[in-house]
1. Restricting things to Cα coordinates, could you compute the convex hull volume per residue of the chain in Å³?
2. Quick one: pull the percent of accessible area on region 177-302 belonging to carbon and sulfur, 1.4 Å probe, ligands and nucleic acids left out.
3. Leaving out ligands and nucleic acids, note down the accessible area per residue over the chain with a 1.4 angstrom probe, in whole Å².
4. For region 108-238, what is the relative contact order in percent, using Cα pairs closer than 8 Å and at least 6 residues apart in sequence?
5. Taking all protein chains in place and a 1.4 Å probe, what share, in percent, of the accessible surface of region 1-133 do carbon and sulfur account for?
6. Sorted from largest down, what three extents in whole angstroms do the Cα atoms of region 151-302 have along their principal axes?
Amino acid sequence: MTVGVASLAIETMLGDGAAYLAGRGVEDPRLEAEHLLAHILGVPRLHLYLDLDRSLGPGEAERYQELLRRRSTREPLQYILGSAPFRDLELRVDPRVAIPRPETEYLIDALMELVRRDGHPMGDEAPFGSALEIGTGSGAIAISLATEGLAGSVTATDVSPEALAVAIGNARRAGARGIEFLAGDSLAPVGQRKFDLVISNPPYLTRAEWLTAQPEVREWEPRVAMHGGGDGLDVVRSVAAGVGGVLRPGGWFGLEVGSGQVAAVVALLRRIPALGAPVARSDLTGRGRYVFARWGCNIPSG
């Protein structure tokens, strides 16, 4: 996309930018053009519509064109902007970490709903004395557990030291105190320590899903954070096999999995001695997405 030497109005730049992105297969091209231009101008996206006749200076137009060019290569919008929203947080993200998804936000809501059903009020006292997140990535879940008062202490692990560097920076910017970040695979970094909650949004794309994923996922997001092996459940099996060694009696285990994997994960957890009957919960689109179980206890299924 080129605009020549003359500066153009916001309305024109948005239209041209959207057409350019649409021609390169980008979904929601108008919305993404708005986000990119708002980023350049340093204003909230909807503020663009308060000043549609404003003309961009040459420098602003050139920077906008460069961001459009990057997006046309299918570099994710969040990496270009350098951040992604998650619940009440604005997290910095780059290709070292997977981009937090809206459905992961509801993993925490689904957990809170089950805790309330189990008779634990959400109040001043954290419902979990200690929590462990496996595969923290950007730190979204661990930081939310800490900043929303859901756990007295939080430990977060990741196999990627580069991802942990991003998570540590996000925790610092969010003012989240008391999060311990550990490098290592699955449950290995915590040894035999015990927790009241073990939670994970593991890589769960199957081999077929990875090969057919959008370029934004397959070519830009870290494979280790997305690809879960042939059936997508390699990491789930690894964590589930050892979770009993790190859960206190009555402790909770929660997973986000692929929408077609819930039945297989429920069956997997049912085979683990002393783990209570697992229950599934759906995301906001009605797709099964989350599986929970308690060590030595059953969860109300209603």
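The values are calculated or read from the model by the stated rules, or taken from the named source; none is laboratory data. Keep in mind that this is a model prediction, so the values were computed, not measured. With ligands, DNA and RNA removed, areas are computed over all heavy atoms of the protein, side chains included. Shrake-Rupley method; radii C 1.70, N 1.55, O 1.52, S 1.80 Å.
1. Working: hull volume 41.0 nm³, N = 302.
In the chain, the Cα hull volume divided by residue count equals 136 Å³.
2. That fraction is 53 percent.
3. Value returned for the chain: 45 Å² of accessible area per residue.
4. 23 percent
5. 49 percent
6. Ordered largest first, region 151-302 gives principal extents of 41, 37, 28 Å.
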